[in-house]
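Any read-out appearing in this document is the output of simple, stated calculations on the displayed coordinates, not a laboratory observation. None of the values given here were measured: they were computed from a predicted structure. Methodologically, a virtual Cβ is constructed for each residue, glycine included, from the backbone with ideal geometry; neighbour enumeration extends over all protein chains shown.
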Amino acid sequence: MIGHLLAGSRAVRRTLALGAAAALSTGLAVAGVPRADAAADTLGSAAARTGRYFGTAIDASKLDDPVYTTIAGREFDMVTPENGMTIDATEPRQGQFVFTNADRIVDWAAQNGKRVRGHTLLWHSQQPQWLVNLSGGALRQAMLDHVDGVMTHYKGKIYAWDVVNEAFADGTGARRNSNFQRTGDDWIEAAFRAARAADPAAKLCYNDYNIEDWTSAKTQAVYAMVKDFTSRGVPIDCVGFQAHFGSGSPYPDLRTTLRNFAALGVDVQITELDIPSAPAATYAAVVGDCLAVPRCAGVTVWGVRDPDSWRSGDTPLLFDGDGGKKPAYTAVLDALNAAVPSPSPTPGAGCTATLSAGAKWPDRYTLGVTVTGSDDWIVTMTVPRPARIIATWNVRTRWNPATNVLTARPNGHGGSWGVTIKHHGNRTWPTVSCRTA
Ligand code: G3I
């Protein structure tokens with residue numbers, strides 16, 4: 001597992017402390033001073049003010065622990081199954097799918113108004129023996145069948161899938177030598193095409209560790225692959241940066257990395273954050289880097305309390321063994337609350353759509369939308385399920401119930417319009433993006 005830690009020698013340009021301080025001073029308002037307008041008191045609600053999510057890994061075996069579910073239910077609005085969706089769990093025998101643990105997590109998420117990141121469809125680790133025994137065309141077909149089988153079961157229920165996990169080697173720009181890789185270099189794009197066909201509404205992510213530092217060969221190799229995919233129309237929507245940081249390692253220039261990937265036209269996400277001893281400044285720096293990049297959709301920490309962590313001896317998480325909030329928790333919450341309370345536009349898109357809170361009722365709420373920068377705009381609003389839009393005003397709209405996406409254009413009332421959202425228990429604000437027509 002040491003390979004999952006940032007190599008200390010790699011591209012040391014800033015110390016951890018300096019990097020954290022820089023991130024805080026450039027990306028945010030005054031950290032530690034919540035804004036009076038809408039400071040929130042949980043991680044999920046604070047992130048939602050900025051149009052982002054804040055998530056955690058969830059292990060099905062812990063859903064019977066009331067301390068665990070209380071914290072997870074209160075603080076997070078996105079969940080990632082930590083082990084429940086790996087290949088050995090979901091297809092232990094070829095063609096026989098088992099969704100017991102994964103369903104427990106997905107059902108718990110739905111009952112508690114949270115979205116789900118699917119983790120993971122194709123990974124060299126956690127493979128059942130039948131898959132390890134295959135090769136060539138039979139393995140390629142089994143791989144595609146696995147993508148189809150799992151995604152079909154969860155069709156419409158998953159916000160984003162880690163379609164392929166950790167396919168690049170450490171230290172070089174080479175692909176990892178895995179059984180999947182030995183079926184041919186095109187296995188990753190074949191997987192993404194199969195994934196898009198199986199559930200067109202899910203975002204499709206490539207997820208990896210040690211790709212946070214822009215100057216590393218591994219980061220550059222993943223970037224080249226994503227650039228190639230987007231230029232050739234291979235379906236990819238997001239890149240996950242695991243962010244399993246090492247102890248005492250220099251803080252990487254994560255913001256530059258996130259910006260450069262986002263400029264390719266994909267979302268970026270922090271997907272498995274944990275840091276030994278949970279230094280508050282570094283946690284805040286990671287959040288600050290995400291907040292500074294409009295296409296950074298959210299942050300997920302890899303577990304709830306320290307003893308829940310895969311590296312529990314490092315005490316790397318936001319809650320201690322008693323469920324108490326650690327200093328890093330407060331730093332993260334303050335960083336989120338100090339951010340501008342609205343989603344940011346896609347850079348270079350030519351217009352900006354900003355959300356503002358309107359009226360609230362027990363079952364619904366309204367949001368005002370202000371569009372600036374263009375008179376001829378198209379705004380896309382993605383509503384987190386199970387919430388849905390039930391009314392709009394001063395705007396021409398098309399509502400796609402399959403994707404829960406509203407497409408809006410001007411109808412002669414200028415750039416001020418609004419929506420009414422029936423939340424069905426999920427009060428997370430929609431995300432919006434604006435482009436000129
Ligand atoms: O469930 C069995 C249990 O029945 C058995 O008695 C026990 C004995 O070892 O093992 C249990 O399974 C363990 C599982 O975690 C659940 O606790 C596996 O051995 C153990 O290998 C597995 O570790 C997981 C690891 O991935 C390997 O799959 C960690 O929980 C999980 O946090 C970690 O997560 C990965 C991400 O998926 C990908 N990125 C890196 C990250 C950290 O390695």
Mean Cβ count within 10 Å, highest first, over the residues of peptides 272-283, 217-228: 272-283, 217-228
Neighbourhood net charge (15 Å Cβ-Cβ; Lys/Arg +1, Asp/Glu -1) for Gln181: -1
Among 97-103, 294-300, the order from most to least packed when residues are scored by Cβ within 10 Å on average: 294-300, 97-103
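So if we plug the beta-carbon distance of Arg232 and Asp375 into 1/(1 + (r/R0)^6) with R0 = 35 Å, what FRET efficiency do we get, rounded to 0.05?
The formula returns an efficiency of 0.55 here.
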Phi-based couplings in Hz for segment 305-316 (Karplus 6.51, -1.76, 1.60; Gly and Pro marked x): 9, 3, x, 7, 6, 5, 10, 4, x, 8, 6, x
Please list, in chain and number order, the residues 5+ apart from Phe168 or on another chain whose amide H is under 5 Å from its amide H, with Hs placed from the backbone. Arg176
With springs only between Cα atoms under 10 Å apart, run a GNM on the chain and tell me which of Asn400, Asn179, Asn337 wobbles the most. Asn400
Rg and Dmax of segment 158-218, Cα atoms only, in Å: 12.7, 35
What's the magnitude of the charge dipole for segment 128-266 around its Cα centre, counting Lys and Arg as +1 and Asp and Glu as -1 at the beta-carbon? Answer in Debye, nearest 20. 220 debye
Taking the Cα atoms of segment 126-190, what is the range of coordinates along each of the three principal axes, in descending order and whole Å? 36, 26, 21
For segment 163-317, fraction of C-alpha pairs farther apart than 23 Å, in %: 37 percent
Projected onto the charge dipole of segment 299-437 (unit charges on the beta-carbon of Lys, Arg, Asp and Glu, signs +1, +1, -1, -1), the Cα from Ile389, Ser309, Ala335 with the largest positive-side position is that of Ile389
Non-local amide H neighbours of Thr300 (under 5 Å, H modeled in plane, Pro and chain starts lacking H): which ones? Gly55, Ile270, Thr271, Glu272, Leu273
Sticking to Cα atoms, compute the Rg of segment 360-404 to one decimal and its Dmax as the biggest Cα-Cα distance, whole number, in Å. 12.1, 35
Put a dot 7 Å past each Cα toward the Cβ at Thr330 and Thr100; how far apart are the dots in nm? 4.3 nm
Alpha-carbon centroids, segment 355-403 and segment 184-200: separation in whole Å: 32 Å
Roughly how many nanometres apart are two label points built 7 Å out from the Cα toward the Cβ at Arg427 and Asn394? 2.5 nm
Please give the residues of segment 129-154, grouped as numeric ranges, whose backbone N is less than 14 Å from a label point set 7 Å along the Cα-to-Cβ vector of Asp186. 137, 140-141
Once the Cα gyration tensor of segment 329-437 is diagonalised, what are the square roots of 5 times its eigenvalues, in whole Å and ordered largest first, as equivalent ellipsoid semi-axes? 22, 19, 12
Of all C-alpha pairs within the chain, those more than 42 angstrom apart amount in percent to 10 percent
Among Leu318, Leu63, which comes first, then next, by fewest other beta-carbon atoms within 10 Å? Leu63, Leu318
Total formal charge among the other residues, if their Cβ is under 14 angstrom from that of Ala292, Lys/Arg +1 and Asp/Glu -1: +2
Ellipticity estimate at 222 nm from DSSP helix runs (n ≥ 4, -39,500 (n - 2.57)) divided over the chain, nearest 500: -8500 deg cm²/dmol
Roughly how far apart, in whole Å, are the Cα centres of segment 36-110 and segment 286-302? 18 Å
